[in-house]
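Notes follow the structure.
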Amino acid sequence: MAILITGGAGYIGSHTAVELMKTKHEIIILDNLSNSNRESLERVKELGGRDLKFYEADIRSRQSLDLVFAENNIEAVIHFAALKAVGESHEKPLDYYENNIGGTVILLQAMKAAGCKKIVFSSSATVYGSENTSPLKENMPLGRATNPYGTTKMYVEQILQDLYASDEDWSISLLRYFNPVGAHKSGRIGEAPSGVPNNLMPYIAQVAVGKLDFLRVYGNDYPTDDGTGVRDYIHVVDLAAGHVSALEKVLAGPGCDIYNLGTGKGSSVLEVVAAFEKASGRAIPYKFFDRRPGDVAENFADPGKANDELGWRAVRGLEEMCEDSWRWQSQNQDGY
Ligand code: NAD
Ligand code: WQD
């Protein structure tokens with residue numbers, strides 16, 4: 001039996017594929033390469049020490065999906081494929097709704113037609129909105145998302161819950177990631193943003209390597225210890241391991257469960273800067289700027305449910321996240 005990974009050539013998908021290669025599952029990746037590269041798959045094979053099957057295809061193409069399901073005995077899907085840039089989602093909301101919501105509905109229709117009713121979905125802590133107080137728990141009422149990207153994650157969560165309510169044979173895991181950072185220890189795979197990075201860790205990494213002059217720290221007047229924003233950074237390899245655990249749960253029997261994948265520990269922007277300077281031995285110049293619209297002061301998980309029910313726990317700390325980001329960035333200055 002095989003596992004289909006949509007978006008498996010991307011940042012989190014490629015790390016998850018490497019972790020899954022340690023299991024007995026056959027791996028099939030489907031990706032349209034809109035935000036990734038075939039080279040990441042070559043490196044996944046190198047790190048995993050075995051082959052995988054790749055389809056260059058789009059989740060919005062029912063024809064392509066039907067072919068993939070017809071040609072393979074797929075037991076479950078790990079669904080990463082999505083557009084993910086918060087700023088861009090304000091400019092191109094229809095692209096985000098079509099790709100992330102429309103694409104997911106087409107995928108679910110193809111799965112249903114093929115009799116495959118097991119799915120692990122990439123959601124995001126962004127669904128908690130700005131009204132909830134950290135530590136964030138899965139049973140908190142969701143806030144209003146502050147951007148169209150976040151709205152797509154809220155809708156897909158609702159669609160999956162409605163699907164389970166309509167047919168309890170489905171087995172569904174909704175994973176709310178906090179802030180994924182870091183890279184595989186080998187330095188062979190990592191996050192390769194196109195253009196100037198939006199997120200903190202890749203931005204810092206590019207300052208450290210000299211591609212960018214300084215970091216803009218968005219806000220130093222938040223009600224946090226040092227005034228800068230606090231987030232729950234999670235090592236991408238811990239996150240990947242969380243998918244393997246969620247997959248085993250989904251394979252074990254029907255249900256629809258939501259899990260936070262975070263460490264439970266918040267770090268401020270200045271703490272991340274200091275940890276990266278230590279890890280890289282490079283200075284990270286920074287300047288304070290106004291708060292970024294839509295940002296909250298602090299955001300961190302209560303990961304207790306995933307710890308208890310999935311038997312999973314994030315084990316890598318901020319120091320290791322920075323060391324691994326730095327290794328990836330310094331060895332692959334222009335990405336893949
Ligand atoms: P990524 O862009 O690196 O990976 C997504 C992959 O999906 C890319 O390889 C892209 O080419 C592919 N893709 C996009 N649209 C597609 C389509 N229509 N058909 C086929 N392939 C398509 O992003 P990532 O950081 O690895 O994120 C993976 C998932 O996790 C996404 O759903 C994202 O929203 C979610 N997520 C990411 C973060 C984060 O900070 N990285 C946080 C929370 C949730
Ligand atoms: C972290 C902290 C910034 C950049 C985003 C999405 C979220 C999820 C993860 C997908 C904040 C500060 C950042 C910079 C800065 N993605 N910062 N200078 O905003 O917590 O979450 O990625 O689901 O939906 O919104 O992550 O890395 O952008 O910011 O000072 O150049 O770093 O203000 O406090 P964020 P981030």
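General remarks:
- Filtering Ala283, Ala246 for residues that are modelled with pLDDT of 95 or more and either surrounded by fewer than 21 Cβ atoms within 10 Å (Cβ to Cβ) or in a strand (DSSP E or B) (or both) leaves a single hit, Ala283.
- Residue count for the range 63-89, restricted to those that are of a type in the set (Gly, Ala, Ser) and crowded, with 20+ Cβ neighbours inside 10 Å: 4.
- Test: residue in the range 158-179 that is within 15 Å of ligand 1 (Cβ to nearest atom), closer than 22 Å to Ser280 by Cβ and in contact with a strand residue (DSSP E or B) (Cβ under 6 Å, 6 or more places away or on another chain): yes
- Some residue of the range 115-128 being within 18 Å of Tyr233 (Cα to Cα), surrounded by 15 or more Cβ atoms within 10 Å (Cβ to Cβ) and of a type outside the set (Ser, Thr, Tyr): yes
- When Tyr149, Tyr177, Tyr222 are screened for being over 20 Å from the mean Cα position of the chain (by Cα) and of a type in the set (Phe, Trp, Tyr), only Tyr222 passes.
- Any hit, the range 90-112, residues being buried (at least 20 other Cβ atoms within 10 Å of the Cβ), touching a residue at least 60 places away in the same chain (Cβ under 8 Å) and within 12 Å of ligand 1 (Cβ to nearest atom): yes
- Restricting the range 261-276 to residues that are free of Cβ contacts under 8 Å to residues at least 60 places away in the same chain and assigned to a helix (DSSP H, G or I), the residue that is surrounded by the most Cβ atoms within 10 Å (Cβ to Cβ): Ala275
- Near pairs, Cβ below 9 angstrom, 6+ apart or cross-chain, from the range 65-88 (more than 16 Å from ligand 2 (Cβ to nearest atom) and among the acidic types (Asp, Glu)) to any residue that is modelled with pLDDT of 95 or more and not in a strand (DSSP E or B): Asp66/Ala110; Asp66/Ala113; Asp66/Ala114; Glu75/His25; Glu75/Cys116; Glu75/Leu251
- The residue of the range 184-217 that is surrounded by the most Cβ atoms within 10 Å (Cβ to Cβ), among those that are farther than 15 Å from Ser330 by Cβ and away from ligand 1 (no atom under 16 Å from the Cβ), is Leu215.
- Taken together, the residues in the range 161-180 that are among the hydrophobic types (A, V, I, L, M, F, W, C), within 16 Å of ligand 2 (Cβ to nearest atom) and either closer than 20 Å to Val77 by Cβ or touching a Cys at 6+ places or on another chain (Cβ under 8 Å) (or both) amount to 2.
The values are calculated or read from the model by the stated rules, or taken from the named source; none is laboratory data. Note that the coordinates shown come from a computational prediction; the quantities given were computed from them, not determined experimentally. We place every Cβ from the backbone using ideal geometry, glycine too, and count neighbours over all the protein chains shown.
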